[in-house]
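The values are calculated or read from the model by the stated rules, or taken from the named source; none is laboratory data. Since the structure is predicted, the reported quantities are computational estimates derived from the model, not experimental observations. Cβ placement follows ideal geometry from the backbone for every residue including glycine, while neighbour counts extend to all protein chains displayed. For accessibility, only protein heavy atoms count, side chains too; no ligands or nucleic acids. Shrake-Rupley method; radii C 1.70, N 1.55, O 1.52, S 1.80 Å.
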Amino acid sequence: MTTQQKQAQELRFPADFAWGAATSAYQVEGAAFEDGRGTSIWDTFTRQPGRVVNGENADVAADHYHRYRDDVGLMARLGLGAYRFSVSWPRVQPDGAGAVNRRGLDFYSRLVDELLGQGIDPWVTLYHWDLPQALEDAGGWPERDTALRFADYAAAVHDALGDRVRNWGTVNEPWCAAFLGYASGEHAPGRREPARAVRAAHHLLLGHGLAMAAMRAQRAESRIGGCVNLYAVSALSRSPDDLDAARRVDGLQNRLFLDALLRGEYPADVLADLGEPGGLAAEGDMEIISAPMDMLLINYYSRFTVSGASGGAVSAAAAPTGTGSPWVGSEHVSFAGSGRPVTGMGWEIDHDGLREVLLRVAREYPGIPLVVSENGAAFDDVADADGFVRDPERRDYIEAHLRACHAAITDGVPLVGYFAWSLLDNFEWAWGYGKRFGLVRVDYPTQRRVPKESALWYAETIRRGGLTGPTE
């Protein structure tokens, strides 16, 4: 084989492509009651019986707060060029407002310095669902004041870290925070108040816009974006009921947030589904929400296949505990399997859906760089006597989705980075510790870290700058 033929078989990514992995504060940090950290809604939620599988919590989690230097060294050995992590709001502002807790903020300053010292670019997410309990006691995200407080918090973090951190995400997956937190009750704070969930969604978006404005006033060169979790959505059949179900789910999951962020409006059909024909946004809100971003962060895991027929199939990805429906105004919609393989979460594996999502965003909302900020899979890992996990399913999952990313780039999508979820096994929200997404295995009793087979494969992919192409 000639050198030219060999190169033709390699799927190279752009030289400046960001190769990373991601975590979130509550899922990995631990140290829940140290150095002045306040109580979050997840601290409260996990102590309520029946909320989390096996009654587990993240008081210790992966103990990243104490082990961050070793973890950064591990990232460097794996060749990561970027690390996406979130800041714990109650660690920085224990009551969600007022004076900054310097000990908490200093942790993130040390983490950033450690990353930079190892040649790893820090990507900071300001909110990954750990609202200070004091703000929830005052009404939480359904209250407009929470968005104002979030902007103050964002400014405090950006003021402290913005001299060294260039890339910023505001709110991670506002759909989850609003509709799992305030409609279905699967996530903290565990409320089942559909109308309030809709208000929460708006205020999470408003918080994004206000935070971005506050940060830009401090440092115009920061690159800031919102983060949405998008799904490819298919109707189970071509029946009118199923097609309407697909429109509804696509509207609430995808278009509600994309249209607000990138067009400055909410889709009229979605507002009608929600029973919100008008009045959701105060004057000027949509201009704040849709202020130009430097990038859009996209989390992708699976495809939805939906039906609107009565007595439809139950989703294979059911919640682990008894909850209501997150599909406000469309509670009749059901979720069906399409025969694809599933992950340990029961989520169907569909890498073509990622390409579909990226192409759609680039086509319908052109002109903004895109980042795959989360993509990964939980499987039933089995460790050998040395703690090593052979996980070809996870490796294949990531490879297939990276191929979808490369295909999207080839098709003209301005995709500038990919972050595997997750760097470490961690606390998986209402599922507790039973679901492992990590590239690196964490043995929770000892906190020993062992890179899995998928991590070693990902490290080689990063080193090579791409994938080996299909063979003849």
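Every residue, every condition in (1) part of a helix (DSSP H, G or I); (2) open to solvent by less than 10 Å² (accessible area, probe 1.4 Å); (3) under 28 Å from Leu370 (Cβ atoms); (4) free of Cβ contacts under 8 Å to residues at least 12 places away in the same chain, yes or no:
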residue: Arg164; (1), (2), (3), (4): no, no, yes, no
residue: Thr170; (1), (2), (3), (4): no, yes, yes, no
residue: Phe179; (1), (2), (3), (4): yes, yes, yes, no
residue: Pro189; (1), (2), (3), (4): no, no, no, no
residue: Arg192; (1), (2), (3), (4): no, no, no, no
residue: His202; (1), (2), (3), (4): yes, yes, yes, no
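Applying the criterion of at least 1 residues that are open to solvent by 60 Å² or more (accessible area, probe 1.4 Å), among the hydroxyl-bearing types (Ser, Thr, Tyr) and touching a strand residue (DSSP E or B) at 6+ places or on another chain (Cβ under 9 Å) to the strands (runs of 3 or more DSSP E) found wholly in the stretch 379-472 leaves 466-468. Within the span defined as the stretch 42-51, every residue fails to be touching a Leu at 6+ places or on another chain (Cβ under 6 Å) and outside any loop (DSSP other than H, G, I, E, B). Test Ala336 against the stated conditions and say whether it is touching a strand residue (DSSP E or B) at 6+ places or on another chain (Cβ under 6 Å), crowded, with 17+ Cβ neighbours inside 10 Å and small (Gly, Ala, Ser). In short, yes. Has the stretch 332-340 got any residue that is more than 16 Å from Leu236 (Cα to Cα), at pLDDT 95 or above, outside any strand (DSSP E or B) and of a type outside the set (S, T, N, Q)? Checking the stretch 332-340: not a single residue is more than 16 Å from Leu236 (Cα to Cα), at pLDDT 95 or above, outside any strand (DSSP E or B) and of a type outside the set (S, T, N, Q). Of all residues in the stretch 347-355, at least one satisfies being part of a helix (DSSP H, G or I) and either open to solvent by less than 30 Å² (accessible area, probe 1.4 Å) or hydroxyl-bearing (Ser, Thr, Tyr) (or both). Of all residues in the stretch 305-324, those satisfying the criterion of being at pLDDT below 95 and open to solvent by less than 60 Å² (accessible area, probe 1.4 Å) are Ala309, Gly312, Ala313, Ser315, Ala317, Ala318, Ala319, Pro320, Thr321, Thr323, Gly324. Scanning the stretch 14-32 for residues that are buried (at least 24 other Cβ atoms within 10 Å of the Cβ), among the small types (Gly, Ala, Ser) and part of a loop (DSSP other than H, G, I, E, B) yields one hit, Ser24.
Restricting attention to the stretch 75-105, the residues that are of a type outside the set (S, T, N, Q) and closer than 14 Å to Glu29 by Cα add up to 9.
For every residue, the table says whether it meets (1) touching a residue at least 60 places away in the same chain (Cβ under 8 Å); (2) under 30 Å from Ala188 (Cα atoms).
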| site | (1), (2) |
| --- | --- |
| Gly387 | yes, no |
| Glu393 | no, no |
| Asp396 | no, no |
| Tyr418 | yes, yes |
| Ser422 | yes, yes |
| Trp429 | yes, yes |
| Arg436 | yes, yes |
| Ala455 | yes, no |
| Thr468 | yes, no |
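Being within 24 Å of Pro326 (Cβ to Cβ) and open to solvent by 50 Å² or more (accessible area, probe 1.4 Å): is that true of Leu262 here? Yes, satisfied.
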